[in-house]
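The values are calculated or read from the model by the stated rules, or taken from the named source; none is laboratory data. If you're wondering where the values come from, they're calculated on a predicted model, not measured in any experiment. Counting neighbours? That spans all protein chains shown, and the Cβs are built from the backbone with ideal geometry, glycine included. Please note that ligands, DNA and RNA were not included when accessible areas were found on the heavy atoms of the full protein model with its side chains. Shrake-Rupley method; radii C 1.70, N 1.55, O 1.52, S 1.80 Å.
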Amino acid sequence: DVVETQEHYKSRWRSIWIMYLTMFLSSVGFSIVIMSVWPYLQKIDPTADASFLGWIIASYSIGQMVASPLFGLWSNYRPRREPLVVSTAISVAANCLYAYVHLPHSHNKYYMLTARALVGFGAGNVAVVRSYIAGATSLTERTSAMANTSACQAVGFILGPVFQTCFTLIGEEGVMWKFLSLQLNMYTAPVLFGALLGIINIILIFAIFREHRVDDLGRQYKSINSDGEGSDVLDQNTEGSIDHVAVVALNILFFVILFVFAVFETIATPLTMDMYSWTRKEAVFNNGIILSAIGIESVIVFMVVKTLSKKTGERAILHAGLLIVLVGFFILLPWGKKLPNIQWQEIKNITIPRTAPSEMLAPFWSYPELQLPSNHTAEPVGCPVTQSWCLNTPMIYLAQYISSDVLIGLGYPICNVMSYTLYSKVLGPKPQGVYMGWLTASGSGARILGPVFVSQIYTHLGPRWAFSLICGVVVVSLLLLEIVYKRLIAFSVRYGRMQE
């Protein structure tokens, strides 16, 4: 056996920490502008509507879904520094493009769409990061390293909006740098800050990152993308085939996990506006606090599962995480007799006077009979009568909503870490870039389909149908986990090279 030297150990973990940073910056790149995309889009291109905003939000995940397998394949055969630097450089360039989308005289919304899609394409390096960490850690280190990676990703999602909030102090007008033709304001400063972080990341990859590979016992060995480093280490025995049934099952489970969380994130604002008569501002502010609290809860969970998994194993914890998510969505099912407030229910019994067709075009405020009470808010609140289910579906109490938030915030990070960890262990010592790329792509696909699912089922059928279907999906995933439970073991354990 080749014993790992202290110098090699330190170099290996320095490189892993650079991967943590890369993961953090990738999530910051997504979340740092998420709150300001809509007002910026309205400012630069008045022709853009809310449906186009949906495409801009989805473009990030689409770009990541396309890029992940490509960067993963690249990392299997070449030094990982190459796809890491190229992908980060694409993100830097995309952020700079986003800062200039106000300059063209037309089609500005398409430039913004392109910029966000390219930021997502650069974020395809998540597959490279995960595959490197899987290959640079032993089985005993793997769960902890994967939990740290997910924690860095969660912290990035939390801090992105915080950075955005700080930059709002610059204001909408900001400062004009004529020599660069750059308007530095609350919309462009965050992406330029993201570009600066990306440049720092590239410098650190060149200066600190080194290619390291260890087997499941922690012994170093050569790989095709080692870039000539570590020539005196073992050649790893990679005989044996990967259990593709387990691989496919874990991809499906990961899709479900990301799908239900995307539904949860998307449904928060419309659900609370419908059920509690919150205004848009109240819904964004209150849900922002709730999601931030869930983010902090997730980071704590990431840290706890590292210790807990050593006692119970990853499969049992994944099973428990899915059960918690199931309970979280089951709690959201409407019950009781109290109905939500209907928008402008004060005028529901007032009839519109008969008028000539030309007069029907006049706005409602031109009719004295339809004037709203003086204490009514300018913005309609409550459950819109256009959603027919509002008239017969019981409201979801605030206590239900908060309890569900807490449970989903507990179950999601557990499932996230355990699925990544089990996936990397099932794949074993063979290059994991492509496989990690497909796993990342399945998660990106879930984040695209989740909001589409919500917009259709919730709007037309209501929360009872939406959350019942989600519960059904989670139950099916639990059955799938039971079926493949015994197959979700490490590659080395499967072939008898080490004990579970």
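Numbers for the structure displayed
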read-out: Farthest positive-ward along the chain dipole, Cα basis, beta-carbon charges - from Met146, Ile205, Val162; value: Met146
read-out: Mean separation of Cα contacts under 8 Å, 6 or more apart, over the residue count of segment 418-500: relative contact order %; value: 50
read-out: Given the chain, longest segment not containing exposed loop trypsin sites (Lys or Arg not before Pro) (DSSP; at most 12 other Cβ within 10 Å); value: 1-336
read-out: All lysines inside 23 Å of Lys306 as judged from Cα atoms, apart from same-chain residues fewer than 8 positions distant; value: Lys10, Lys425, Lys486
read-out: Unit charges on C-beta of K, R, D, E only; dipole of the chain, Debye; value: 520
read-out: Cross-link partners of Lys109 among lysines (Cα-Cα below 24 Å; sequence separation of 8 or more within a chain); value: Lys43, Lys178
read-out: Computed over the chain: relative contact order in percent, which uses C-alpha pairs under 8 Å that are six or more apart; value: 24
read-out: Selection from Ala268, Val245, Asn185 lying farthest towards where the dipole of the chain points positive, charges on Cβ; value: Val245
read-out: Charge dipole (the chain, unit charges on Cβ, about Cα centre) - positive-most of Pro463, Val129, Ala195; value: Val129
read-out: Helical contribution to [θ] at 222 nm, DSSP H n ≥ 4, -39,500 (n - 2.57), averaged over the chain, rounded to 500; value: -22500 deg cm²/dmol
read-out: Computed over segment 79-162: relative contact order in percent, which uses C-alpha pairs under 8 Å that are six or more apart; value: 30
read-out: Spread of Cα-to-Cα distances over 5 Å intervals beginning at zero, given as percent, for segment 9-141; value: 2, 11, 19, 20, 15, 11, 9, 6, 4, 2, 1, 0
read-out: Rounded to the nearest 20 debye, dipole of segment 1-221 from Cβ charges on Lys, Arg, Asp, Glu; value: 240
read-out: The chain, accessible area per residue, ligands and nucleic acids excluded (1.4 Å, Å²); value: 46
